[in-house]
Amino acid sequence: MGDTDSPDFNKARGYLIGFSVVVLLLWYFGADLSSFKLLGNEIKLNENIKNVWLVLAVINLYLCFRFYHRMPAGSFRFDVAMHGLYDSSLVSLSKLVYKKQMKKRALEDVEDGVEGTPEIKMVKFGVGGKMTYLKRIPKQSEVSEKDTVAIIKDMPYSHRNEIRFSLYSTSLVNGAEHYSIDRFYMITPHRLLAYVVKGYVFVKGALLSPWFADHIVPFILGVFAICVAIFKWWQINHVVNVVFKDSFNQMLMLL
C-alpha cells in the first residue's frame, strides 16, 4: 500500500484539510482555473472548463468519505474531557436553576430539627454538587478511555444526569446560630436544561478541546468547501446558459 493510500487517520485528515483550504482559497481570491502549473509545467484546459469546480467538489467529497472511513470508532462522541466539561457545566447551571428549591429544602430541614414554632432566619447558604454516575463507572486507570465513554453513553438519562447536591447553611434560630452541614439533595435536571448545556459545551469545546479540532473541524471545512465548489459550478453554468439564451434570442430577433 502506497503512502497516499495509507489508512492512517492523521494523513486522511491532512489531505482533507489541505485540499479544502486550497479550494476555499481559489474561491476567495477568484482564481482562473482554465490554466495552472503542475511540476513547473503550465497546463491549459481547453474543454469542459465550466465543470472544473464540479470536479473539485467531487474530489473533496471523496476525501470526506475517506476521512470518515479512517476515523476511529466513537469519534463523533464526546471524549472523557468533554464529558467532564459537560458535568461541571450541568452542575453549575443546575445550582442556579434549582437554588430556590434547594434553599427551601434546607430551611425545612432546620425547622424539622427544632421543636415548636421558632423564629428562623437563614443568613448563609452554600451548595456543592457532584454527578452520581461517577461512582458507577470504573476508574480511568482500570479501563481505557474508549470503554469509559461507551459505559457513559449506555447509561439511561436518569442515571447519567443525576446530581447529588450537598447543602450547607447557617441560620439564626431564635437569635442563636444553627449550622446545617452535609444535607443531601438529589436532582435530575430537566432534559431541556441538559440540551442547553450540551450546546454550550459543544461551543466551548470548539475553543478548548482537541476533540473538536481533530474530528469535527475537518468535516465542517470539507463540507463548506464542497458547497462553495458546487455553488461556483452552478454560478458559472447558470451565467453561461443565460448568455447563450440571450445571444440566441437576439439572433432570432435579427432574423
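Each reported figure results from applying straightforward, stated rules to the coordinates on display, with no laboratory input. Note that the structure is a prediction, hence the values are computed from the model and not measured. Here the Cβ positions follow ideal geometry from the backbone for every residue, glycine too, while neighbour counts run over all protein chains shown.
Descriptive notes on the structure:
- Ascending count of other beta-carbon atoms within 10 Å, so fewest first, for GLU47, GLU145: GLU47, GLU145
- Simple label model, 7 Å out from Cα along Cβ direction - MET186 to LYS99, nm: 2.6 nm
- On full extension, the segment bounded by ILE49 and VAL217 gains 57.4 nm, given 0.36 nm per residue less the C-alpha separation.
- Using R0 = 22 Å, the C-beta based FRET efficiency linking ALA73 and VAL203 works out to 0.30.
- By other beta-carbon atoms within 10 Å, ranking TRP234, TRP211 with the fewest at the front produces TRP234, TRP211.
- Cα radius of gyration and Dmax for the stretch 80-208 (Å): 18.1, 56
- The label point for TYR179 and the one for TRP27, both projected 7 Å from the Cα toward the Cβ, are 6.4 nm apart.
- Simple label model, 7 Å out from Cα along Cβ direction - ILE137 to SER158, nm: 2.1 nm
- Across LYS103/LYS153; LYS103/LYS139; LYS95/LYS146; LYS99/LYS121; LYS100/LYS204; LYS11/LYS198, pairs whose alpha-carbon gap is larger than 23 Å: LYS103/LYS153; LYS103/LYS139; LYS95/LYS146; LYS100/LYS204; LYS11/LYS198
- Packing-based exposure ordering (other Cβ within 10 Å, fewest first) of HIS159, HIS178: HIS159, HIS178
- The stretch 144-200: radius of gyration and largest Cα-Cα distance (Dmax), Å: 17.8, 56
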